[in-house]
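Here's the structure, in structure tokens; my notes come after.
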Amino acid sequence: MDGGDDGNLIIKKRFVSEAELDERRKRRQEEWEKVRKPEDPEECPEEVYDPRSLYERLQEQKDRKQQEYEEQFKFKNMVRGLDEDETNFLDEVSRQ
């Protein structure tokens with residue numbers, strides 16, 4: 001391969017410069033000004049940083065959904081009381 005094509009290679013950066021951070025903050029502040037209500041603070045709230053990996057965050061969501069699903073179909077939720085028609089029928093059967 002020729003060394004002259006180095007300009008076409010895409011290099012992924014693993015860091016963010018201070019200028020890029022400032023630009024992002026400026027854009028977020030401008031967007032905040034558009035949607036800000038009078039009772040909201042002047043400055044845009046900072047983004048919440050989650051140091052966990054993507055796998056950990058997705059696993060937490062999956063576990064939470066699984067718990068909600070299991071809670072929905074627990075045995076205690078399957079048991080219900082008798083309605084009026086059922087009690088009337090059972091009373092009639094016991095009388096006979």
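Note on Arg64 and Val35: the model spin-label points, each 7 Å out from Cα along the C-beta direction, lie 1.9 nm apart. Set the Förster distance to 22 Å, then compute FRET efficiency between Asp50 and Ser17 from the Cβ-Cβ distance, nearest 0.05. So, using R0 = 22 Å, E works out to roughly 0.50. Overall, the accessible surface of segment 55-95 at a probe of 1.4 angstrom is composed of carbon and sulfur to the extent of 51 percent.
Annotation: amide H-H contacts under 5 Å for Arg36 (H modelled 1.01 Å from N, sequence separation of 5 or more, or interchain): none.
Among residues other than Asp50 with Cβ under 14 Å from its Cβ, the summed charge is -2 (Lys and Arg +1, Asp and Glu -1). Across segment 37-51, coupling constants 3J(HN,Hα) worked out from phi with the 6.51/-1.76/1.60 Karplus curve, θ = phi - 60°, read 9, x, 7, 7, x, 5, 8, 5, x, 5, 5, 7, 8, 10, x Hz, and Gly and Pro carry x. Ignoring aspartates and glutamates fewer than eight residues from Lys26 along the same chain, the ones with Cα atoms less than 19 angstrom from its Cα are Glu18, Asp40, Glu42, Glu43, Glu46, Glu47. Taking Tyr69, Tyr55 and ordering them by how much accessible surface each has at a 1.4 Å probe, largest first, produces Tyr55, Tyr69.
The values are calculated or read from the model by the stated rules, or taken from the named source; none is laboratory data. Quantities reported herein were computed from a predicted structural model and do not represent experimental measurements. Reconstructed Cβ throughout: ideal geometry from the backbone, glycine too, with neighbour counts over all protein chains shown. For the accessible areas, the whole protein counts, side chains as well, though only heavy atoms, and no ligand, DNA or RNA atoms are used. Shrake-Rupley method; radii C 1.70, N 1.55, O 1.52, S 1.80 Å.
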